[in-house]
Amino acid sequence: MTHSIAPTISKPKPQTDLYTLLTFPEIAAAMAHINEEHVDELLGFLQAFTSLTSDELVGANVQLTAVYAEAIALQLQFQDTKKTSAQSCDQTFFIPLVAPITQIDELNTQYILLKQKADKKLGKKTIKLTKQTFIVQDSHMVSKNMLRLILTAPHSNAAGETLNNHHPSSVPLNEAGYAYLFDLEHNRTALQGGDTSVDDSVNESIQPSRAHCYYTLRKAWQTSDGVQAWVDVFLHGDTSGGNWARSLQAGDSVVSKREFPEKVEHLREGQALLIADETSMPTVARLLELWDNSQPPLILCVTQDAADQAYFDGVNIRTDNIDNNGVAQGANQFTVLPLVTDQVHSGRALAALIDHTLADYLTTYPLRIDKVWGALEAHTAKALRGLLKQRLKLERADATVKVYWRKD
């Protein structure tokens, strides 16, 4: 008598077995930050590296759930019950990294490289790992607490020196919110290696506790000597960036190591609301000068000091916009709704105050807000997003509230 043996069916190994899970202690904080502030980028990864389309991702929630040496894991939740059955439950997608991570300090670089790759596939502007050298020409105060650095990028450096294989690009002349990551340590090193007669107390006064700091390009234009640029720095107490900016003298070089374009394309149509504090006022000022929308925006401007509200006094909105009646939108035809806090406010309290101020204005002047752009302190931005979603009923793509600084 013979016995037949049923064939053994081997189950495929879970995809997680293909990757090496990273367990660095810093991973949890990095993942929390990405999930809180970079959801649009995660959706971009899915659109660029999977078969999912932008329409299929509308209304979906995405979370970074794990970081492996070779890939990141993204969990997608579909809220739309009309999606196909295959999309009715959570799905996890593994997005391969450009190169494996071996040390925790490589995570940031690999994330940026992945974003560059995704943005290129999607035809979007992207972050650049680019070294740029500027020369300080002068500086002066443009409001009570805002210092303007006047910089030039000589012809030889105007295109930048790339830190990787990406093509260099010149200083952008027509972009709002373009940010540079300045190397604060460069100027301490330069001072120490320069005039040996400089008192040690001066060296100590400009030593940054932070090695780098982002500042927005307020404006740039071409001259016969190269590109000239303004970078406006809000001076608020004893901070690394403020002390760095105060210490700069004519002839000093300043170096940036990274460049980041701002997301403002959604503001081209509809009634826009711009929400700024002192750190994001330079972005809003440039937005106004380049305004590409027939409807002027409403600006809610939060400052600690009433005197800094004067920052917008010399800013004119772009005047070559023509409305439906053929009428040009003239200079300064925008409304600034001031909110003066008299102290350092942040978090839920400031978000609630902004929401209340906006509600009062919209009660007096009924206005349908179609688009939002704002940039504030981290905890304030997080709380404000929920309040604005509830009040204005906007889709995620129509409301961008960025983090420009952190209180802690």
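Return yes or no: is Leu392 aliphatic (A, V, I, L, M) and farther than 25 Å from Ala179 by Cβ? Spell out how you get there, then give the answer.
Numbers: aliphatic (A, V, I, L, M): yes; farther than 25 Å from Ala179 by Cβ: yes.
So Leu392 fits the description; yes.
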query = Before we move on, is Val58 of a type outside the set (D, E, K, R) and either over 21 Å from Gly386 (Cβ atoms) or not assigned by TED's automatic domain parsing to the domain that holds Leu113 (or both)?
reply = no
query = Lys125 fails exactly one of the following numbered conditions: (1) of a type outside the set (Asp, Glu); (2) at pLDDT below 90; (3) in a loop (DSSP other than H, G, I, E, B). What is the number of that condition?
reply = (2)
task = Scan the range 222-234 and give yes if some residue there is more than 30 Å from Thr335 (Cβ to Cβ), modelled with pLDDT under 95, hydrophobic (A, V, I, L, M, F, W, C) and touching a strand residue (DSSP E or B) at 6+ places or on another chain (Cβ under 9 Å), otherwise no.
result = yes
task = Under 9 Å between Cβ atoms, at least 6 apart or on separate chains: pull out the pairs that start in the range 384-408 with a residue that is closer than 25 Å to Arg210 by Cα and end on any residue that is basic (Lys, Arg) and surrounded by fewer than 18 Cβ atoms within 10 Å (Cβ to Cβ).
result = Val401/Lys382; Lys402/Lys263; Val403/Lys382
ask   = Tell me, which residue of the range 336-352 that is crowded, with 16+ Cβ neighbours inside 10 Å, at pLDDT 80 or above and not small (Gly, Ala, Ser) is nearest to Leu288 (Cα to Cα)?
value = Val336
task = Could you tell me whether Asp292 is charged (D, E, K, R) and modelled with pLDDT of 95 or more?
result = no
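Here's the yes/no breakdown for (1) touching a Leu at 6+ places or on another chain (Cβ under 9 Å); (2) at pLDDT 90 or above:
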| site | (1), (2) |
| --- | --- |
| Val62 | yes, yes |
| Glu70 | yes, yes |
| Gln75 | yes, yes |
| Lys83 | no, no |
| Leu113 | yes, yes |
| Thr133 | no, yes |
| Met141 | yes, yes |
| Ile150 | no, yes |
remark   = Every listed condition ((1) out of contact with any Cys (no Cβ under 8 Å at 6 or more places or on another chain); (2) crowded, with 22+ Cβ neighbours inside 10 Å; (3) within 29 Å of Asp398 (Cβ to Cβ); (4) touching a residue at least 60 places away in the same chain (Cβ under 8 Å)) holds for Thr303 save (4)
ask   = Restricting attention to the range 27-38, and to residues there that are of a type outside the set (Gly, Ala, Ser) and free of Cβ contacts under 8 Å to residues at least 24 places away in the same chain, which single residue is surrounded by the fewest Cβ atoms within 10 Å (Cβ to Cβ)?
value = His33
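The values are calculated or read from the model by the stated rules, or taken from the named source; none is laboratory data. Everything numeric here is computed off the predicted structure, so don't read it as measured data. Here the Cβ is made from the backbone with ideal geometry for all residues, glycine too, and neighbour counts use every protein chain on show.
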